[in-house]
1. So in the range 114-127, with the set limited to residues that are assigned to a helix (DSSP H, G or I) and surrounded by fewer than 18 Cβ atoms within 10 Å (Cβ to Cβ), which one is modelled with the highest pLDDT?
2. Return yes when residue 152 is at pLDDT 70 or above, under 20 Å from residue 82 (Cα atoms) and part of a helix (DSSP H, G or I) and no when it is not.
3. In the list 73, 94, 79, 69, which residue meets the criterion of being touching a strand residue (DSSP E or B) at 6+ places or on another chain (Cβ under 9 Å), closer than 30 Å to residue 174 by Cα and either outside the structural domain of residue 175 (by TED's automatic domain parsing) or modelled with pLDDT under 85 (or both)?
């Protein structure tokens, strides 16, 4: 009808409808961005005031028994140096070889902590390390023991503990003529470890 008022949203004005749609979309995008930034800031602030906050830097992935060794504070120690530590109550020696190999022969007084140990066994080992100043880890070779030693060191966190790897592994100990035992780990069985 000529002379009738025109509504801005009438089908005769498609460019206006398109413009309104773009403006609403842009406004929604801005609102979503502001909301996301606000949520991130609240999350960072909450993490900062928590006593058990999540570290946002310095992440290192866990090491498994077959993983690549990474640079840590774990150093090698000779069989003769380990032998000189025998009888020191502040030193724990841990064998990470399979149970059959441990039972066939191991460093006298060593605990058994195989790579396949469950989390419960690892927690028991953690308990055995309370108050100790040094942990010596060995496998068939130094390379077998290093990933486990590094993992145990990381697991200890801020608790002071010097972690060393027996240079040359069990064969170096055996060839050196140092004290060996055989059979299952007596102390481990008392504490529920394999």
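The values are calculated or read from the model by the stated rules, or taken from the named source; none is laboratory data. Given the structure is predicted, the values throughout are model-derived calculations rather than measurements. With ideal geometry, Cβ positions are generated from the backbone for all residues, glycine too; neighbour counts draw on all protein chains shown.
1. 127
2. yes
3. 73
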